[in-house]
Amino acid sequence: MTFEGVLKKMSTHLERPIQYYLRLGGDLIHCNALIGRQIQIKHTGYQCLECGNDEKIFRMGFCKNCFFSSPYASGTIIRPELSRAHLGQQERNLEVEQQIQLVPHTVYLAYSGEVKVGVTRSAQIPTRWIDQGATFAVAIAQTENRYEAGMIEVALKQKLSDRTNYKKMLLEEYESSVDLENFRTESQHLFPEEFSRFFNNEQPVVSLDYPYTAPARIHTLSLEKDAHYNGKLLGIKGQYFVFEDGTALNIRGHEGFIVEFTL
């Protein structure tokens, strides 16, 4: 059986374990059901998620032109502290930027081998945590817009990383003694005074369970370099398919790639 279409990040449903779904063309694939099965993957082309053209993907599912022009790939996506929509200032498209930035945002702590700080629209909780492969996560603030959340994140980055170490996450090199509630308490004094009112220590720590068993080693698959791959799916975590030989395919990292999945 072969499925063909443009890769986009998997959708998820919070259960134990988390349920994963991948849409390819007109088919919705329940990815959990693929675990233990042999999958042949073939990269056949590109389709930019913005313009739809068959252009080489530059980053985040966009061709190079769209990456530098689309409001969905603007600098505030990566660095929320750059947000200016609350001031009525346009970066690329003010209407889109207001829709993205002028909504409640959550600042959170997540653990996936290391404790990190992150920002996301509140409506994206817990999806954001799942996409990052977090084992535990907790909200520490909800702000009124993206700028406020970004400024809190900048302050907390004095002590905490804002990046996920994907190898630690996939190899599950964890410390059993990590206490996110303690990290949350200690983070309060790092909040900028003008945003201290957003601190919240009442949200529970959320535990996340994945359909996943860690392999002995990890090496990543780039479909740009290796257009064909065949392997038995071992498990799914974050936005990664991980195979028995330790090969890890970042589904989100290949958004905009046209692929064939043959089972």
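Place +1 on the Cβ of every Lys and Arg and -1 on the Cβ of every Asp and Glu in segment 60-184, take the dipole about the Cα centre, and give the residue among His86, Leu156, Trp129 whose Cα lies farthest towards its positive end.
Farthest towards the positive end: His86.
Where the only charges are on Cβ atoms (+1 Lys, Arg; -1 Asp, Glu), what is the dipole of segment 104-207 about its Cα centre, to the nearest 20 debye?
Numbers: 11 positive and 15 negative charges, 63 e Å.
That gives a dipole near 300 debye.
Taking the Cβ of Arg146 as the centre, find all other residues whose Cβ is under 13 Å away and add up their charges (Lys, Arg: +1; Asp, Glu: -1). List each step's numbers first, then the result.
On the way: positive: Arg79, Arg84, Arg121; negative: Glu81, Glu91, Glu97, Glu144, Glu148, Glu153.
Net charge in that neighbourhood comes out at -3.
Given Cα pairs under 8 Å that are at least 6 residues apart, what percent is the relative contact order of segment 1-113?
11
Show me 183-196, 240-253 ranked by packing, highest mean number of other Cβ atoms within 10 Å first.
Most protected by this proxy first, the peptides run 240-253, 183-196.
Working out 0.36 nm times the residue gap between Asp209 and His13, then minus their Cα-Cα distance, what length gain in nm do you get to one decimal?
The Asp209-His13 span can extend by a further 69.4 nm.
Mean residue ellipticity at 222 nm from the helices of the chain, using -39,500 (n - 2.57) per DSSP H segment of n ≥ 4 over the full residue count, to the nearest 500 deg cm²/dmol?
That comes out to -4000 deg cm²/dmol.
Where nothing but the Cβ of Lys and Arg (+1) and of Asp and Glu (-1) is charged, how large is the charge dipole of the chain around its Cα centre, in debye to the nearest 20?
In debye, rounded to 20, the chain gives about 440.
For the chain, what's the relative contact order in percent, using C-alpha pairs closer than 8 Å and at least 6 residues apart?
Values: 550 pairs, mean separation 79.0, N = 263.
After rounding, I find 30 percent.
Give me the dipole magnitude in Debye, nearest 20, for segment 135-263 about the Cα centre, with unit charges on the beta carbon: positive for Lys and Arg, negative for Asp and Glu.
300
Considering amide H positions built from the backbone, and no H for Pro or chain starts, which residues 5 or more places from Gly238, or on another chain, come under 5 Å of its amide H?
Distant-sequence amide H within range of Gly238: Gly133.
Ranked highest first by average number of other Cβ atoms within 10 Å, how do 99-105, 149-155 line up?
149-155, 99-105
Relative contact order for segment 104-207: what is it in percent, counting Cα pairs under 8 Å that are at least 6 residues apart?
Working: 176 pairs, mean separation 37.5, N = 104.
Computed over segment 104-207, the figure is 36 percent.
Where q = 0.18, 0.20, 0.24 Å⁻¹, what log10 of I(q)/I(0) comes from the Debye formula for segment 104-207, counting one point per Cα?
Ignoring solvent entirely, the Cα scatterers give -0.78, -0.97, -1.39.
List the residues of segment 241-256 whose backbone N lies under 15 Å from a point placed 7 Å from the Cα of Gln38 along the Cα-to-Cβ direction.
Taking a point 7 Å out along Cα→Cβ of Gln38, the residues of segment 241-256 whose backbone N falls under 15 Å are 244-245.
Rule-based calculations on the coordinates, nothing more; no lab input. Model, not experiment: these values are computed from the prediction. We place every Cβ from the backbone using ideal geometry, glycine too, and count neighbours over all the protein chains shown.
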